[in-house]
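These notes are about the structure you will find just below.
What follows is calculated from the coordinates using simple rules that are stated; it is not laboratory data. This one's a predicted model, so the numbers in the text were calculated from it and none came from an experiment. Here the Cβ positions follow ideal geometry from the backbone for every residue, glycine too, while neighbour counts run over all protein chains shown.
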Amino acid sequence: MDNEQGQITLLLRRARTGDREAESEVLSVVYDQLRRIARMQLQGERPNRTLQPTSLVSELYLRLKLDAVEWADRAHFYAIAAKNMRRIIIDEARARAAQRRPPADRRVDLENVIIWSEDHSLEFLDLNEALERLAQFDARQAEIVELKFFAGLTTEEIASVLGISDRTVKSDWSLARAWLSTYLREPREGAEPKDRDTSTT
């Protein structure tokens, strides 16, 4: 592993034991990367809106419990961080959506809705609903989408986090992406995801 990955992994394992100094140090080391992930998720947001990268990372820090997870490595940490960021954004989306009337027959473009914006809070909730629906049929495909869209992990990092091959990640990603695009265009008529090729695991 590279020096940064090794440093983060060791700090996470120390933090897991309750080492507060290691917890503070790891949060300092990963701050810039978490800001990058936050900016990626919020790039559709206007500068004067409430949810900004700094506030998103600050809220994330309040939610992360470094001594409550058996950390594997750096990629595992960023995967957990991205899941928590998504939950924060979903909470914000629900609050915003409560103030809006849903369009009579809205359709959602997958490429546009993965970027959070207050103006697209309803559409972001549609994506969350689609991911939850996908997870009912194929939890791994849903997790790969989450790690790809929300954590920005590479194919190799996702494979490491999930303990599967790069080929399986690519196959599941392709199937999940196609299913989500169809579901979001016709959100009440989504078909079950195609069966995965189990020979690639």
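Note on residue 29 and residue 90: with the Förster distance fixed at 35 Å, the Cβ-Cβ geometry gives a FRET efficiency of about 0.80. Each residue of segment 17-31 was assigned a 3J(HN,Hα) from its phi angle through the Karplus expression (A = 6.51, B = -1.76, C = 1.60, θ = phi - 60°), giving 8, x, 6, 5, 5, 5, 4, 5, 5, 5, 5, 5, 5, 8, 4 Hz with x at Gly and Pro. Label-to-label distance for residue 69 and residue 20 is 2.2 nm, based on points extended 7 Å past Cα in the beta-carbon direction. Whole-Hz Karplus values for segment 67-77 come out as 8, 10, 10, 7, 5, 8, 6, 4, 4, 4, 4 Hz, taken residue by residue from phi with 6.51 cos²θ - 1.76 cosθ + 1.60 and θ = phi - 60°; glycine and proline positions read x. The protection proxy used here, the mean number of other Cβ atoms lying within 10 Å of each residue, ranks peptides 51-62, 151-162 as follows, highest first: 151-162, 51-62. Converting phi to 3J(HN,Hα) with the Karplus coefficients 6.51, -1.76 and 1.60 and the offset θ = phi - 60°, segment 138-151 yields 8, 4, 5, 4, 4, 5, 5, 4, 4, 5, 6, 6, 9, 9 Hz in sequence order, with x at every glycine or proline.
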